[in-house]
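Worksheet: the structure to be examined is printed underneath.
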There are 2 protein chains.
Amino acid sequence: MKKLINDPRRVVAESIAGLGAAHQDILSVSLEPTYVARRNKTPGKVALISGGGSGHEPLHGGFVGFGMLDAAVPGEVFTSPTPDPIVAATRAVSDGAGVLYIVKNYTGDVLNFETAAELAALDGTDVRTVVVDDDVAVKDSLYTAGRRGVAGTVLVEKIAGAAAERGDALDSVERIARRVAASARSMGVGLVPPIVPHSGVASFELAEDEIEFGIGIHGEPGRQRRRLEPVDALVDAVIAAIDEDAPFVAGSEALLLVNGMGGTPLSELYIAYRRAAEVLGARGVRIVRSLVGNYVTSLEMHGFSITVLVLDDELTTLWDAPVHTAALRWRS
Amino acid sequence: MKKLINDPRRVVAESIAGLGAAHQDILSVSLEPTYVARRNKTPGKVALISGGGSGHEPLHGGFVGFGMLDAAVPGEVFTSPTPDPIVAATRAVSDGAGVLYIVKNYTGDVLNFETAAELAALDGTDVRTVVVDDDVAVKDSLYTAGRRGVAGTVLVEKIAGAAAERGDALDSVERIARRVAASARSMGVGLVPPIVPHSGVASFELAEDEIEFGIGIHGEPGRQRRRLEPVDALVDAVIAAIDEDAPFVAGSEALLLVNGMGGTPLSELYIAYRRAAEVLGARGVRIVRSLVGNYVTSLEMHGFSITVLVLDDELTTLWDAPVHTAALRWRS
């Protein structure tokens, strides 16, 4: 195992300490309990909180800041955070306008955020939860009842974050988050597995000419093992799987996210993007917004995922709204 | 070799086609000759052009746009571009205020940009060249007379780009670029080698417990092979090497860049950042600006580099100036 770490037990604490040191203008870090909170939260705004196992950076801590999350709660690598730090983060950023939890659909995350919501309710905090389950690869999975939540999560966080930032009430922010979660569709392919620091061994084994088609972001199995093909064929198969789940509508507008799993060169993501945009274009889908890079990763896994989100004027406006986080930053 | 490609011979063309498709608002792509040019260049501005072998993405095409480069000229992977596309890019973006070439110090790059500058001079274009050689690891190298140009290049491009954008004349833009190039100091460490698509084999071999200390961005040898140590020890050694070359001055202000080589998880870069900031802080250096992520990569190499740039008011102001490229984007 070759990693730039000191001690597998300190990976999460030292990494978020570094995040805090590098982005002091944006966020602050609490180590016990462990959470990342936005500095200078807009007063009276609905608070957005996400979290889950670590190892998917920049998700979630890299998305804390203006126009996106108010707090992120990282668990150990690929391990759900317990309710306590979620409650602590909720208390730290809630100021009366209500709180939205954005939770990827993994059993541990769902349970622990549910418990935290019940505890926060005892404080009188109105907490709503939106579960993201955008991965069309498999119906149930290793850590999941129902679909897994993967790269579409970043779109939910950005768009709901913009709604909260413009002053929407909790009902509206929740509605918009649900709309994005319901519409986003993703699927991924894994070429080389991640290695969890604690275990020191690869999450799965693949032959030199094999890939995992429909891979999860913890290296969980997808639909099948396949031969490694030219990337255009892989992209075509991923797009076909998304199309089968939610058929593309000619004339629609969409956001196309080509996401790297952590160990994939950016040049390869752009090769995949090129093909995905071509295929969607041939189906009459207009790609009006795009995002290419490492956003929802799986440690050093080599692989990619494609997410398609159908847009309308409201979602496009919220996507374009200013954001200032460690990992996403733009102005209108 | 596991790569998300179609054909090793089409990697560069397909990748920049994807870059062009994903960022149509920012840049346009020419395939024959091959270069990336900014859309909507500010008229009458000094033009900034960089380039070099591909495989270092987002360098350079990802830095084309408002406040940074006007064109980027990618060669094949780890291979200098020939003078022809450099001249074509120069003609495409030059409109009379002069052109600055920002060239990483590799023999092929230096020669080919020099030839291009001579050809452009025949058109009557005033071309200046700044060579970046920020890598303190070795004096000469496999492809280099003198030091190699590595991650400091992104700082030269950003800061000189801001000077050009605010309307500085060619003399001033050149002076500022030279100042940054002269002040930036970098060094890197490699854990797992990159694989060049054409050859299909690793650029070097390392044992399971070995690292290359002072690695180049083409996988060239550095100072020595060492045992893999905890990342804090590696960071300390890199910082010590930079300090030895250009001793830190207590009370100075600096920008700290912790750069990933392409295959390194972001969480590991933040662990390294944390230590680097601590060590510099203990030496009395105030880290007032920072950048953490994959900016100057080496395909899927696992490794990192640290760059320290001493700042003054002028450089800080230019660093903070708005930038809108595929890979760096912010407002003041």
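Each 5 Å bin from zero up to the one holding the largest Cα-Cα distance in segment A:126-178 carries the following percent of pairs: 4, 20, 25, 19, 15, 10, 6, 1. Taking amide H as placed 1.01 Å from N in the peptide plane, residue A:254 has its amide H under 5 Å from the amide H of A:286, A:287, A:288, A:289, A:311, each at least 5 places away in sequence or on another chain.
Residue by residue, segment A:46-61 carries 3J(HN,Hα) couplings of 4, 9, 10, 10, 10, x, x, x, 6, x, 10, 4, x, 4, 9, x Hz when phi is fed to the Karplus relation 6.51 cos²θ - 1.76 cosθ + 1.60 (θ = phi - 60°); x denotes Gly or Pro. Computed with every protein chain present, the accessible area of residue A:3 is close to 10 Å² [probe 1.4 Å].
The ellipsoid that matches the Cα gyration tensor of the protein assembly as shown has semi-axes, each √(5λ) in whole angstrom, of 37, 27, 25, with the longest given first.
Remark: relative contact order (chain B) = 18 percent; criterion is Cα-Cα distance under 8 angstrom and separation of 6 or more residues. Each pair of Cα atoms in chain A enters the Kirkwood radius, and Stokes-Einstein at 20 °C and 1.002 mPa s then converts it into a translational diffusion coefficient of 109 µm²/s.
Site pair residue B:229 and residue A:210 shows an inter-label distance of 3.9 nm when each label is modelled 7 Å from Cα along Cα→Cβ. Volume of the convex hull of segment B:181-332 (Cα atoms only), normalised per residue: 120 Å³. Backbone amide hydrogens, once placed in the peptide plane, bring residue A:76 within less than 5 Å of A:54, excluding anything fewer than 5 places away on its chain.
Looking at chain A alone, DSSP beta bridges between its own residues are antiparallel in about 55 percent of cases.
If R0 is 45 Å, the Cβ-Cβ spacing of residue B:107 and residue B:28 corresponds to a FRET efficiency of close to 0.90. Listed by number, the DSSP H helices of chain A that run 15 Å or longer by alpha-carbon position along their axis and have mean Kyte hydropathy of at least -0.5 are A:11-22, A:83-93, A:107-122, A:152-165, A:170-183, A:231-245, A:266-282. For residue A:296, the residues whose amide H sits under 5 Å from its own are A:260, ignoring neighbours fewer than 5 places away on the same chain, with H placed 1.01 Å from N. Here the convex hull built on the C-alpha positions of segment A:9-182 has a volume of 94 cubic angstrom per residue. The listed residues B:148, A:275 rank as A:275, B:148 when sorted by accessible area, largest first, using a 1.4 Å probe.
Apply 1/(1 + (r/R0)^6) to the Cβ-Cβ distance of residue A:286 and residue B:123, taking R0 = 41 Å, and write down the FRET efficiency to the nearest 0.05. Provide the component values of the computation, followed by the final result.
On the way: r = 40 Å, r/R0 = 0.97.
Efficiency, from the Cβ-Cβ distance: 0.55.
Accessible surface buried by the A/B pair amounts to about 4500 Å², both sides summed, 1.4 Å probe. Ranking of B:174, B:208, B:114 by solvent-accessible surface, largest first: B:208, B:114, B:174 (1.4 Å probe, protein heavy atoms only, all chains present). Split the accessible area of chain A by element, probe 1.4 Å, and carbon with sulfur accounts for 51%. When A:57, B:244, A:278, A:220 are compared by accessible surface with a 1.4 Å probe, the order from highest to lowest is B:244, A:278, A:57, A:220. Of the listed pairs A:41/A:104; A:41/A:158; B:41/B:158, which have alpha-carbon separations greater than 21 Å here? Over 21 Å Cα-Cα: A:41/A:104.
The values are calculated or read from the model by the stated rules, or taken from the named source; none is laboratory data. These figures come from a predicted structure and were not determined experimentally. Every residue, glycine among them, receives a Cβ derived from its backbone with ideal geometry; neighbour counts consider all protein chains shown. Quick note on the areas: whole protein, heavy atoms, side chains included, nothing else; ligands and nucleic acids left out. Shrake-Rupley method; radii C 1.70, N 1.55, O 1.52, S 1.80 Å.
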